[in-house]
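The values are calculated or read from the model by the stated rules, or taken from the named source; none is laboratory data. Please read these numbers as outputs of a predicted model, since none were measured by experiment. Counting neighbours? That spans all protein chains shown, and the Cβs are built from the backbone with ideal geometry, glycine included.
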């Protein structure tokens, strides 16, 4: 059966053993498929995220001079990075927002509702100083209103 590749938009013949094949066999399309899978896996699987972070930490430990050597071998990269950092610093000082890859996209961190606030230091002891609060989302940029009841 012929399908259209989600990456390159070209028609391809799907492999009969792969039911939901959406990418052709072109190496660039397969890289795009893998990047998409990894991004989704990182977003939804905390164990995978922790394992990836630990693997990166170990790699950095084994390759302490990687970035120093990379900058030494690629002076154009280093100069470009300096120029871009100066622009980011100017923007930060002027109050201009900087784009972030990991920003929340219209997801509320805490849903509106009533919550009990109890100091952690009192665990296992009668809760005489607990508070009942109501949290409500008041704007799309995720600021919360807190009211004491």
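Annotation for segment 40-47: at least one member residue is more than 13 Å from the chain's Cα centre (by Cα) and without any contact (Cβ under 8 Å) to a residue 40 or more places away in the chain.
Can you find a residue that is within 20 Å of the chain's Cα centre (by Cα) and in the same structural domain as residue 81 (by TED's automatic domain parsing) anywhere in segment 11-27?
No, the conditions are met nowhere in segment 11-27.
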